[in-house]
Amino acid sequence: MSSALVDDGATETCDAIDPVTAYRARDFLFCSSHHTLHARGCLINAQSNRPASPDVLDAQATTLFEKARRRGQSNPIIVGALPFDVSQPAHLYVPEYWRRSAAPDAAERQALVRTPVALTVSESALYPRPQGYREGVKRALQAMAEGRVDKIVLSRTLEINASTRVDLPPLMKRLIGVNPHGYSFALPLTPDQPDGAPPHAFIGASPELLVKKEGTRVVVNPLAGSIPRHRDTAEDQQRAEELAVSEKDLHEHKVVIDAILEALTPYCSSMTVPEGPSVISTDTLWHLSTTITGELRDPAVSSLALAAAMHPTPAVCGHPRREAYRDINAIESFHRGHFGGAVGWCDSDGNGEWSVAIRCADVHDTHVRLYAGAGLVPGSDPQKELIETGTKLRTMLNAMGLEHLDTV
């Protein structure tokens with residue numbers, strides 16, 4: 001891999017090995033198809049109980065950057081996550097050291113896929129169980145039939161207890177290897193804890209970009225509408241073709257695009273939007289995808305503020321947002337935390353990249369909670385949505401070497 005593109009020369013330094021190899025359990029790691037950002041240590045941890053609104057986050061970012069400069073950093077960055085529930089605070093901090101390098105190339109990713117992950121499961125359980133999830137889908141469909149909401153994203157979890165502490169570095173290598181076109185991340189939830197304490201991290205291999213900002217240019221790439229892939233090549237291709245013309249999925253996708261355009265319009269002087277979505281693939285699913293680019297009116301607007309302005313999109317919550325929040329809280333039996341939120345980074349010029357926090361897991365010592373959700377619109381089938389969530393859980397399970405665990 002290439003040498004570092006950015007090295008702030010902060011209080012702690014790493015040797016010249018690549019960021020993926022250098023990653024340790026309490027580090028921040030964010031890998032896209034172009035760059036890998038690696039951060040270590042915690043210089044300033046944002047301590048706030050204020051909600052994750054655009055104005056609040058903008059003010060927090062300004063304060064964090066000012067404090068970091070006073071403590072000797074000439075080029076600080078903020079890393080962290082937005083919660084699914086924006087009435088809750090964001091998890092943001094300034095690392096002591098960071099650098100950005102080129103992403104692994106194809107050969108390097110193939111080597112990462114072969115990284116052994118030794119994880120033995122002592123017990124596992126789905127919440128809610130399959131029948132409970134199908135009943136939840138029926139409740140969501142009833143809310144739509146009554147006209148209270150147009151779309152709801154309903155999720156579930158897979159709880160895993162391992163026999164030993166989960167070893168995060170090899171797991172992250174596997175995730176980066178199997179996710180060449182997406183956004184792999186590891187966010188320490190206790191970055192200032194001493195070595196030896198059980199690591200607590202939020203990790204994922206998301207296929208979806210919430211927002212990327214470089215100068216005055218903005219890129220977003222929402223995904224909405226999907227279908228599981230098939231081992232048979234002909235059947236797999238047929239599924240992709242069916243998704244491209246699916247009235248239900250195209251409607252679901254349009255709801256997301258319309259909401260994003262509405263959120264971005266106040267910030268952009270111009271936007272380029274394709275006439276219709278394309279079909280892209282991950283290792284387990286076909287997705288409807290639209291890449292939108294825009295030119296900012298004000299170059300000082302940060303990637304963090306843009307992420308907060310759009311979040312949560314109907315792709316992870318529903319539409320209208322307030323009503324979808326209400327129904328999700330009434331139906332789901334757990335708190336999402338950062339699942340359905342956003343993970344990423346923002347530098348002091350406002351540039352940065354934030355991915356949608358899906359295909360992810362919360363890892364704490366020997367416990368792992370995996371998350372998966374499905375977008376529901378009128379016409380959704382409870383059994384098909386159950387299967388879709390099970391397919392989405394496979395990304396993390398495959399990386400963990402737990403292909404045998406049942407997800408439906």
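Values quoted throughout were computed directly from the atomic coordinates according to the rules given, and no laboratory measurement underlies them. This one's a predicted model, so the numbers in the text were calculated from it and none came from an experiment. Cβ coordinates were reconstructed from backbone atoms using ideal geometry, including for glycine residues, and neighbour counts include every protein chain displayed.
Annotations for the structure displayed:
- Rg of the Cα atoms in segment 18-67, relative to 2.2 N^0.38 Å, amounts to 1.44.
- Debye intensity ratio in log₁₀ form over the Cα atoms of segment 6-399, taken at each q of 0.07 Å⁻¹: -0.29
- For segment 155-197, the spread of Cα positions along each principal axis, largest first, Å: 34, 24, 21
- Plainly put, segment 279-408 has a radius of gyration that is 0.99 times its Kirkwood radius, both from alpha-carbon atoms, as the Rg/Rh ratio.
- Under 5 Å, built H, 5+ apart or other chain: amide partners of Asp150: His319
- Among 50-62, 297-309, the order from most to least packed when residues are scored by Cβ within 10 Å on average: 297-309, 50-62
- Reciprocal of mean inverse Cα separation for segment 357-408 (Kirkwood radius, Å): 12.0 Å
- You can think of it this way: the chain between Lys67 and His404 has 116.5 nm of extra reach, that is 0.36 nm per residue less the Cα-Cα gap.
- Each principal axis of segment 224-330 carries a Cα extent, and these read 49, 37, 23 Å when sorted largest first.
- The packing ranking of peptides 381-387, 190-196, highest mean first, is 381-387, 190-196, where packing means the average number of other beta carbon atoms within 10 angstrom of each residue.
- Our summary of shape: the Cα atoms of segment 54-209 have principal axis extents of 57, 44, 34 Å, ordered from largest down, in whole angstrom.
- Over segment 126-221, the pair-distance histogram of Cα-Cα distances with 10 Å bins from zero comes to 12, 24, 31, 25, 8, 0 percent, rounded to whole numbers.
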